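Heads up: the structure comes next, in structure tokens.
The values are calculated or read from the model by the stated rules, or taken from the named source; none is laboratory data. Treat the numbers as computed from the prediction; the structure is a model and nothing was measured. Cβ placement follows ideal geometry from the backbone for every residue including glycine, while neighbour counts extend to all protein chains displayed.
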Amino acid sequence: MAPPGTPGAVPVTVTTPAGTSAASPESYFFYAAGPILTAATPAQGPSAGGNTVTLTGQNLSNATSVLFGGTPAAFTVVSSTEIVAQAPPGAGVVNVTVTTPGGTSNPVAYAYVSAPTLTSVTPSSGPTAGGTVVTLTGTNLTTTTSVLFEGVPAAFTVISDTQVIATVPAGPPGPASVVVTTAGGTSGAVTFERVPPPEV
């Protein structure tokens, strides 16, 4: 068993009653510096997993495993300071660690976010010119990053985990599917009806 040592190559010799062996390049032992993690980016993602997470730190070159709360993740070593990993499925806040020949890193936090749902849009209709302010009701809406009306982005404000207020963009008459996207994924759609102006 190798004794503790400082990072780098050291000669290994054997001593017997007949003397001490010579140190040759083949007999050197390499002490690897322990890995250090400084960040996981993004620091949150969907409970279903599958999103790309960049781990930054030091001494990551020879990583042999990446764990999210004890669950192994597929990963690629980019450099001694960066690893790209695919988050496995999970729940809650977990510790992410990297193991190399130098040991196991300190943990960094990663939060799993439940998928958003939408149950209603109020009011459910408005003019094709847009401008109607609607309340979207559902669950897991805190981390909302976009609101789309039939694929068109809308200005919005997150009120709570169950409510988002959005301003309907202009669009053609008829039904428009409304979805929200969060760190946990994209919701199912609710329908907003655009009403054409009356003909004169």
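Looking across S80, S65, one residue alone is in contact with a Leu (Cβ under 6 Å, 6 or more places away or on another chain), at pLDDT 95 or above and more than 30 Å from T142 (Cβ to Cβ). It is S80. Among the residues of segment 14-44, those identified as part of a strand (DSSP E or B), out of contact with any Gly (no Cβ under 8 Å at 6 or more places or on another chain) and modelled with pLDDT of 75 or more are A40, T41, Q44.
Counting the residues of segment 78-110 that are surrounded by fewer than 17 Cβ atoms within 10 Å (Cβ to Cβ) and on the phi < 0 side of the Ramachandran plot gives 17. Taking the listed residues G188, G126, the one that is outside the structural domain of L55 (by TED's automatic domain parsing), out of contact with any strand residue (DSSP E or B) (no Cβ under 6 Å at 6 or more places or on another chain) and surrounded by 15 or more Cβ atoms within 10 Å (Cβ to Cβ) is G126, with no other qualifying.
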